[in-house]
1. Consider only pairs whose beta carbons are under 6 Å apart and that are at least six residues apart or on different chains; among these, list those whose first residue lies in region 61-86 and is surrounded by fewer than 13 Cβ atoms within 10 Å (Cβ to Cβ) and whose second residue is at pLDDT below 95 and polar (S, T, N, Q).
2. Look at Glu80 and say whether it is assigned to a loop (DSSP other than H, G, I, E, B), acidic (Asp, Glu), out of contact with any Phe, Trp or Tyr (no Cβ under 8 Å at 6 or more places or on another chain) and at pLDDT 90 or above.
3. Out of the residues in region 38-51 meeting the condition of being touching an Asp or Glu at 6+ places or on another chain (Cβ under 9 Å) and either aliphatic (A, V, I, L, M) or not in a loop (DSSP other than H, G, I, E, B) (or both), tell me which one is modelled with the lowest pLDDT.
Amino acid sequence: MIKISDLRLRDIVNVADGRRLGMIKDIDIDPEMGKVKAIVLPGQGRMNFFSRGDDLVVPWDRIRKIGVDVILVDVSNFSESNMDFG
């Protein structure tokens with residue numbers, strides 16, 4: 001079992017391009033199902049479908065591996081200019 005407090009200490013890395021996306025700012029939980037729906041990363045002033053204000057929302061199904069120090073996510077088609085995920 002992994003504690004949420006432990007997840008927040010890990011860097012998030014995009015496996016599509018190796019880019020470091022930051023650390024977890026918040027976690028979106030479905031209270032009825034008791035499951036994590038998404039992780040929220042601090043954004044850099046860009047908006048798109050997966051953003052919440054300036055924050056970047058990565059759906060749980062995009063998480064590929066949770067390691068000791070790093071969480072690998074697959075946000076394919078990540079573009080610094082538009083953050084469009086395919």
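The values are calculated or read from the model by the stated rules, or taken from the named source; none is laboratory data. Predicted model, so just to flag it, every value in this text is computed and none were measured. Backbone-built Cβ (ideal geometry, glycine too); neighbour counts: all protein chains shown.
1. Pairs that qualify, where the first residue is surrounded by fewer than 13 Cβ atoms within 10 Å (Cβ to Cβ) and the partner is at pLDDT below 95 and polar (S, T, N, Q), are Gly86/Ser76; Gly86/Asn77.
2. No: the conditions fail for Glu80.
3. The extreme case among them is Met47.
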